1. Can you name the residue in segment 22-76 that is in contact with a helix residue (DSSP H, G or I) (Cβ under 8 Å, 6 or more places away or on another chain) and in contact (Cβ under 8 Å) with a residue 60 or more places away in the chain and, of all such residues, is farthest from L107 (Cα to Cα)?
2. Test A58 against the stated conditions and say whether it is more than 21 Å from G8 (Cα to Cα), modelled with pLDDT under 95 and either touching a Cys at 6+ places or on another chain (Cβ under 9 Å) or open to solvent by less than 90 Å² (accessible area, probe 1.4 Å) (or both).
3. Does segment 111-133 include one or more residues that are open to solvent by less than 70 Å² (accessible area, probe 1.4 Å), touching a Lys or Arg at 6+ places or on another chain (Cβ under 6 Å), among the hydrophobic types (A, V, I, L, M, F, W, C) and within 24 Å of L6 (Cβ to Cβ)?
4. Anything in segment 6-21 that is without any contact (Cβ under 8 Å) to a residue 60 or more places away in the chain and either in a loop (DSSP other than H, G, I, E, B) or closer than 22 Å to Q121 by Cα (or both)? List them, or say none.
5. Can you tell which of I25, I53 is crowded, with 20+ Cβ neighbours inside 10 Å, under 15 Å from the mean Cα position of the chain (by Cα) and not in a strand (DSSP E or B)?
6. Kindly establish whether A95 is of a type in the set (A, V, I, L, M, F, W, C) and in contact with a Lys or Arg (Cβ under 8 Å, 6 or more places away or on another chain).
Amino acid sequence: MKIAELMGTDLKTVFEHATVAEAVIVLADEHVQGVPVVNTKGYMVGVLSTSDILEAAAECGGADERDKLFEKTTVNEIMTPRPKTIDPDAEVKEAAQQMLYLEIHRLFVEYDGQLVGVISQSDVVRAVATAKI
């Protein structure tokens, strides 16, 4: 089975210069754990996950620093740069192996340098559980 058959295509993104507070709103509204970060040309430059935000918040010394993190810090300051991507024509098994090996929860799908989707561990498990794979 190909990635294109399982991937989600309704992606929400955040701009690299958005504040962490703005990104948290997107994560909460979309009920997702991670969101691709794009530059002004629309190219993916990173991924921001709830883990990135929690790690940054844990390093704050107090309430004032946490407020600054959310209101003054831009996404590109705490995002994970250069996220691993996969081609939509790749096999789902390859995606599962990469997520396992890299200890990540999702792979963004790019075709000719353009972001076209995402496949997550949940997508793979759902396919196995429903006997699609």
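The values are calculated or read from the model by the stated rules, or taken from the named source; none is laboratory data. Just so you know, these numbers come straight off a predicted model, no measurement behind them. Note that each Cβ is placed from the backbone with ideal geometry, even for glycine, and that neighbours are counted across all protein chains shown. Just the protein is used for accessible areas: all its heavy atoms, side chains included, with ligands, DNA and RNA removed. Shrake-Rupley method; radii C 1.70, N 1.55, O 1.52, S 1.80 Å.
1. By that ranking, first place goes to V75.
2. Taking the combined requirement at face value, the residue satisfies it.
3. Checking segment 111-133: at least one residue is open to solvent by less than 70 Å² (accessible area, probe 1.4 Å), touching a Lys or Arg at 6+ places or on another chain (Cβ under 6 Å), among the hydrophobic types (A, V, I, L, M, F, W, C) and within 24 Å of L6 (Cβ to Cβ).
4. Within segment 6-21, D10, K12, H17, A18 qualify.
5. Numbers: I25 fails: crowded, with 20+ Cβ neighbours inside 10 Å.
Being crowded, with 20+ Cβ neighbours inside 10 Å, under 15 Å from the mean Cα position of the chain (by Cα) and not in a strand (DSSP E or B) holds for just one of I25, I53, which is I53.
6. Working: of a type in the set (A, V, I, L, M, F, W, C): yes; in contact with a Lys or Arg (Cβ under 8 Å, 6 or more places away or on another chain): no.
Taking the combined requirement at face value, the residue does not satisfy it.
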